[in-house]
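Enquirer: First the structure, which I've put down as structure tokens, then a few questions once you've had a look.
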Amino acid sequence: SGKSVCLNAIIASLLYKAQPEEVRLLLIDPKRVELSVYEGIPHLLAPVITDPRQAAAALRWSVREMERRYDLFSHLGCRNIDAYHASRSGPRLPYIVVVIDELADLMMTVQAEVERPLALLAQKARAIGIHLILATQRPSVNVITGLIKANFPSRIAFRVSSKVDSRTILDQNGADALLGNGDMLLLPPGTSEPVRLQGAYLSTEETERLVQWYRERVREERAVREPNILDEVRALEQRMLERLQAIRQELVSHSDGPSDQPRIGRNGRAGEVPTAVPVDQLRELNRQAHALPEGFNLNPKLRRQLQRRLEVVERDGALDWAHAELLAFASILADGIPIRLTGQDTVRGTFSQRHVAFFDVETNERVIPLQRMPAARASFDVHNSPLAEAAPLGFEYGYSLQAPEALVLWEAQFGDFANAAQVIIDQFIASARVKWQETSGLVLLLPHGYEGQGPEHSSARLERFLQLAAEDNLRIANCTTAAQYFHLLRRQAALLKTAPRPLVVMTPKSLLRHPKAASPLAELAHGSFKPVLDDSQAGERAPEITRLILCSGKVYVDLVTSPHWEEARHVAIVRVEQLYPFPEEELRRVIDRYPNARDVVWLQEEPRNMGAWTFMEPRLRPLLGDRALRYIGRPERASPAEGLADLHDQEQARIVTEAFEGVPEPALRS
């Protein structure tokens, strides 16, 4: 067949031209008939692989070898294998050619295990000297899937059955005319029109004579057995299995261990993830994340903003929300984790706070410093999506499944707009892990907060996400400081490999530049994300506290900037920064610190039938014992917020005033 002729011609040409030290072969032949003739040649990294499970393991090894080479090249400052060889006089890295015959047989048995490694190798491996050849007699969409087809730049077609056939590798009018013996159609990278090739014919006898010559040479020259990569794969998988057993044992003995339901784990331990970044590293990342090319003509207003950010970090000042986010992104990239950020007006930020891309005012050249950072060990991708929700969010959810190693974030212009993507949230983001064991680390950034902008620009519908929260399927946060947001993003990135969950963040609007939400650099360099933030001022007078206010998000700033707060010596305000998984132990410890706080309040700015009240109330009562739990907030409403700014101001003022009215006096000490 033409396929056999082509494979034999390629392999034979490699054997004629390259020594084993220059080119190594990894041959996979599920049918056991095409490539087994090459068994025993010194170029092989492993015996010809016929078992589909071993083939999947060999492809995983190839991906690890690719990543190892990329780390090596990055350390030495080399762009590709040619630059690496040019910079060194010692041993050369061999090229590796992976040949898979009858891909269809692999896809029938281990598609889930081979499809992604194939796509990764096709995307990235050529620069570091790993090449991949796939062959199949049945190029249907079940074999050459969209993922594989999209990532293989060069294709050779032999006999094609029809002029336009979507089931073939090449969809080319007139391809059915190529019916001559040995005719081939090649589509090289970067071209739109294929070219005809004439293949060299090698008979089976000629191939066997070539292989026999190499076998005899091996017997004469190589007494020592070459390492077999399958041995390495088996040893690695054994170590991974032992580590998995140890982790399972650890979880069983931990209070936050697995639940009683099969396949449903717990992520309560997520708060223990180290996320701090040393000050010196933060300063260097800050410089790199704001570096622009020489002669770049930046808008003067943005140049002043960049200069302020540089100066703030150098003098250990307070960082606003977007600045902390930028440093989180930069440090995640330095850790080798790719980032994809998309959404509505996301490049600039809805509130002109982010600015991850800059434009030359004279040439319109676009520069994204995060993509140019020398410290970055992974890619940064940022795009503005259409002013739509269901399709973009559905795409980003799918992207997070196909690229589980990447931190994928989607941002709504206002959190209210996520309403239009409710079907994606309900059917996939919240429930896919339980229904189909699909794990996603997608992050939703939803601006939320009551600031008089009306019913369509106030609420990200926090209550709906809390209603969907069960079986540790989501992480839901409503942060109040830039440092908390920094640690939250870094924690999410760190957990992508071990405990991925969708993260829903109620992001601020007015707090983006508010001094009360800013954080000193030291808070990024120390600590980690805290699910609950105690009242730092009330701790010293805990016995005198008679009212304990629990709240979440931006309303906290409304309380502590009120003139009533300065006089409220008997009130403590505690922030619940992570609403789900419910931080039971953290809240219990904080509540126990105030034994005389008999009056406990849940305060929110959302209406009573919205926000977190209906979620928090049944979970808080068991922690309070015989203490009273009251609600302060808007009454039940059909609409999330008032339509007039004056009415909003009145209602917001009422909530804040009520929080500090009638505070009980502490009991007199005898």
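The values are calculated or read from the model by the stated rules, or taken from the named source; none is laboratory data. What you are looking at is a predicted structure, and each value in this text was computed from that prediction instead of being measured. Quick reminder, even Gly has a Cβ in these numbers, built from the backbone with ideal geometry, and neighbours come from all protein chains shown.
Enquirer: Of all residues in segment 302-349, how many are outside any helix (DSSP H, G or I) and not aliphatic (A, V, I, L, M)?
Expert: Residues flagged as outside any helix (DSSP H, G or I) and not aliphatic (A, V, I, L, M) within segment 302-349 amount to 15.
Conditions tested, residue by residue: (1) closer than 19 Å to Gly129 by Cα; (2) surrounded by fewer than 17 Cβ atoms within 10 Å (Cβ to Cβ).
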| site | (1), (2) |
| --- | --- |
| Leu15 | yes, no |
| Gln19 | yes, yes |
| Glu22 | yes, yes |
| Ser36 | no, yes |
| Glu39 | no, yes |
| His43 | yes, no |
| Thr50 | no, no |
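Enquirer: Restricted to segment 599-618, and to residues that are surrounded by fewer than 16 Cβ atoms within 10 Å (Cβ to Cβ) and in contact (Cβ under 8 Å) with a residue 40 or more places away in the chain, which residue is farthest from the chain's Cα centre (by Cα)?
Expert: Asn609
Enquirer: If you don't mind, another one. Limited to segment 490-523, what total is found for residues that are under 30 Å from Gln453 (Cβ atoms), within 25 Å of the chain's Cα centre (by Cα) and in a helix (DSSP H, G or I)?
Expert: Residues flagged as under 30 Å from Gln453 (Cβ atoms), within 25 Å of the chain's Cα centre (by Cα) and in a helix (DSSP H, G or I) within segment 490-523 amount to 3.
Yes or no, residue by residue, for (1) modelled with pLDDT under 90; (2) in contact with an Asp or Glu (Cβ under 8 Å, 6 or more places away or on another chain):
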| site | (1), (2) |
| --- | --- |
| Asp416 | yes, yes |
| Ala421 | no, yes |
| Asp426 | no, no |
| Val434 | yes, yes |
| Gly452 | yes, yes |
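Enquirer: Would you mention how many residues in segment 17-33 are touching a residue at least 24 places away in the same chain (Cβ under 8 Å) and either β-branched (Val, Ile, Thr) or not in a loop (DSSP other than H, G, I, E, B) (or both)?
Expert: Number of matching residues: 6.
Enquirer: For the condition under 30 Å from the mean Cα position of the chain (by Cα) and either modelled with pLDDT under 60 or not basic (Lys, Arg) (or both), what is the one hit in Val160, Val164, Val143, Val99? Before you say what the answer is, go through the steps one by one.
Expert: On the way: Val160 fails: under 30 Å from the mean Cα position of the chain (by Cα); Val164 fails: under 30 Å from the mean Cα position of the chain (by Cα); Val99 fails: under 30 Å from the mean Cα position of the chain (by Cα).
Result: Val143 is the single residue among Val160, Val164, Val143, Val99 that is under 30 Å from the mean Cα position of the chain (by Cα) and either modelled with pLDDT under 60 or not basic (Lys, Arg) (or both).
Enquirer: Shifting gears a bit: Just one of the numbered conditions (1) in a loop (DSSP other than H, G, I, E, B); (2) closer than 20 Å to Gln467 by Cβ; (3) free of Cβ contacts under 8 Å to residues at least 40 places away in the same chain is not true of Asp626; which one?
Expert: (2)
Enquirer: Would you be able to tell me the number of residues in segment 525-567 that are outside any helix (DSSP H, G or I), surrounded by fewer than 21 Cβ atoms within 10 Å (Cβ to Cβ) and among the basic types (Lys, Arg)?
Expert: Of the residues in that region, 1 qualify.
Enquirer: Return the only residue of Ala56, Ala46 being assigned by TED's automatic domain parsing to the domain that holds Glu113, assigned to a helix (DSSP H, G or I) and more than 13 Å from Glu102 (Cα to Cα).
Expert: After applying the criteria, what remains is Ala56.
Enquirer: Now, a different point. Looking at segment 105-130 only, could you name the residues that are more than 17 Å from Ile28 (Cα to Cα), assigned to a helix (DSSP H, G or I) and in contact (Cβ under 8 Å) with a residue 24 or more places away in the chain?
Expert: Once the filter is applied, which keeps residues that are more than 17 Å from Ile28 (Cα to Cα), assigned to a helix (DSSP H, G or I) and in contact (Cβ under 8 Å) with a residue 24 or more places away in the chain, segment 105-130 yields Leu120, Gln123, Lys124, Ala127, Ile128.
Enquirer: For segment 76-104, how many residues meet the condition of being of a type outside the set (Asp, Glu) and in a loop (DSSP other than H, G, I, E, B)?
Expert: 12
Enquirer: Taking the condition of being over 13 Å from Thr109 (Cβ atoms), over 23 Å from the mean Cα position of the chain (by Cα) and without any contact (Cβ under 8 Å) to a residue 60 or more places away in the chain, how many residues in segment 45-64 meet it?
Expert: 1
Enquirer: Also, quick follow-up: Within segment 619-639, identify whether any single residue is within 32 Å of the chain's Cα centre (by Cα), in the same structural domain as Leu559 (by TED's automatic domain parsing) and either polar (S, T, N, Q) or more than 19 Å from Val560 (Cβ to Cβ) (or both), and answer yes or no.
Expert: Initial filter on segment 619-639 (within 32 Å of the chain's Cα centre (by Cα)): 619.
Checking the rest, the ones that are also in the same structural domain as Leu559 (by TED's automatic domain parsing) come to 619.
This time we only want the ones that are either polar (S, T, N, Q) or more than 19 Å from Val560 (Cβ to Cβ) (or both), so: 619.
Yes: segment 619-639 contains one or more residues that are within 32 Å of the chain's Cα centre (by Cα), in the same structural domain as Leu559 (by TED's automatic domain parsing) and either polar (S, T, N, Q) or more than 19 Å from Val560 (Cβ to Cβ) (or both).
Enquirer: So, one more: I'm checking my understanding of the structure. Among residues of segment 283-301 that are assigned to a helix (DSSP H, G or I) and more than 31 Å from the chain's Cα centre (by Cα), which one is nearest to Ala324 (Cα to Cα)? Explain how you work it out, then say what you get.
Expert: To start, the set of residues in segment 283-301 that are assigned to a helix (DSSP H, G or I) comprises 283-289, 300-301.
Now restrict to residues that are more than 31 Å from the chain's Cα centre (by Cα): 300-301.
Working: Pro300: 22, Lys301: 20 Å.
That would be Lys301.
Enquirer: Then there is this: Name the residue that is surrounded by the fewest Cβ atoms within 10 Å (Cβ to Cβ), counting only residues in segment 427-449 that are assigned to a loop (DSSP other than H, G, I, E, B) and either touching a His at 6+ places or on another chain (Cβ under 7 Å) or aliphatic (A, V, I, L, M) (or both).
Expert: Only one residue tops the list, namely Ala430.
Enquirer: Answer yes or no: is there a residue in segment 74-85 that is hydrophobic (A, V, I, L, M, F, W, C), touching a residue at least 60 places away in the same chain (Cβ under 8 Å) and buried (at least 19 other Cβ atoms within 10 Å of the Cβ). Write out each step before concluding.
Expert: Initially, segment 74-85 is screened for residues hydrophobic (A, V, I, L, M, F, W, C), giving 76, 78, 81, 83.
From the residues that got through so far, the ones that are touching a residue at least 60 places away in the same chain (Cβ under 8 Å) too are none.
So far as segment 74-85 goes, no, none of its residues is hydrophobic (A, V, I, L, M, F, W, C), touching a residue at least 60 places away in the same chain (Cβ under 8 Å) and buried (at least 19 other Cβ atoms within 10 Å of the Cβ).
Enquirer: Report yes if Gln453 is farther than 15 Å from Ser552 by Cα, outside the structural domain of Pro640 (by TED's automatic domain parsing) and not aliphatic (A, V, I, L, M), otherwise no.
Expert: Yes.
Enquirer: Kindly indicate which of Ala638, Ala628 is closer than 17 Å to Arg547 by Cβ and among the small types (Gly, Ala, Ser).
Expert: Exactly one of Ala638, Ala628 is closer than 17 Å to Arg547 by Cβ and among the small types (Gly, Ala, Ser), namely Ala628.
Enquirer: Another question about this same structure. Of the residues Arg79, Arg92, Arg24, which is farther than 19 Å from Ala119 by Cα, assigned by TED's automatic domain parsing to the domain that holds Arg126, basic (Lys, Arg) and in contact with a helix residue (DSSP H, G or I) (Cβ under 6 Å, 6 or more places away or on another chain)?
Expert: On the way: Arg79 fails: in contact with a helix residue (DSSP H, G or I) (Cβ under 6 Å, 6 or more places away or on another chain); Arg24 fails: in contact with a helix residue (DSSP H, G or I) (Cβ under 6 Å, 6 or more places away or on another chain).
It is Arg92.
Enquirer: Scan segment 351-376 residue by residue and report those that are in a loop (DSSP other than H, G, I, E, B), loosely packed, with under 15 Cβ neighbours inside 10 Å and not hydrophobic (A, V, I, L, M, F, W, C).
Expert: Listed by number, the residues that qualify are Ser352, Glu362, Thr363, Asn364, Glu365, Pro374.
Enquirer: Of the numbered conditions (1) at pLDDT below 95; (2) over 17 Å from Asp535 (Cβ atoms); (3) assigned to a helix (DSSP H, G or I), Met616 satisfies every one except a single condition; which is it?
Expert: (1)
Enquirer: Of the conditions (1) more than 29 Å from Ala9 (Cβ to Cβ); (2) modelled with pLDDT under 85; (3) aliphatic (A, V, I, L, M), Ala83 satisfies every one except a single condition; which number is it?
Expert: Every condition holds for Ala83 apart from (2).
Enquirer: Out of segment 626-642, which residues are small (Gly, Ala, Ser) and at pLDDT 90 or above? Spell out the reasoning first.
Expert: Narrowing segment 626-642 to residues small (Gly, Ala, Ser): 628, 633, 638-639, 641.
Those that are small (Gly, Ala, Ser) and at pLDDT 90 or above: Gly633, Ala638, Ser639, Ala641.
Enquirer: Here's something else I'd like to know. Can you confirm whether Ala522 is touching an Asp or Glu at 6+ places or on another chain (Cβ under 6 Å), of a type in the set (A, V, I, L, M) and either over 28 Å from Thr350 (Cβ atoms) or surrounded by 16 or more Cβ atoms within 10 Å (Cβ to Cβ) (or both)?
Expert: No; evaluated as a whole, the condition is false for this residue.
Enquirer: Of all residues in segment 360-392, which are touching a Leu at 6+ places or on another chain (Cβ under 8 Å) and farther than 25 Å from Asp335 by Cβ?
Expert: Passing the criteria: Asp360, Val361.
Enquirer: Shifting gears a bit: Identify the residue in segment 109-140 that is charged (D, E, K, R) and farther than 25 Å from Ala83 by Cβ and, among all such residues, is modelled with the lowest pLDDT.
Expert: Top of the filtered list is Arg138.
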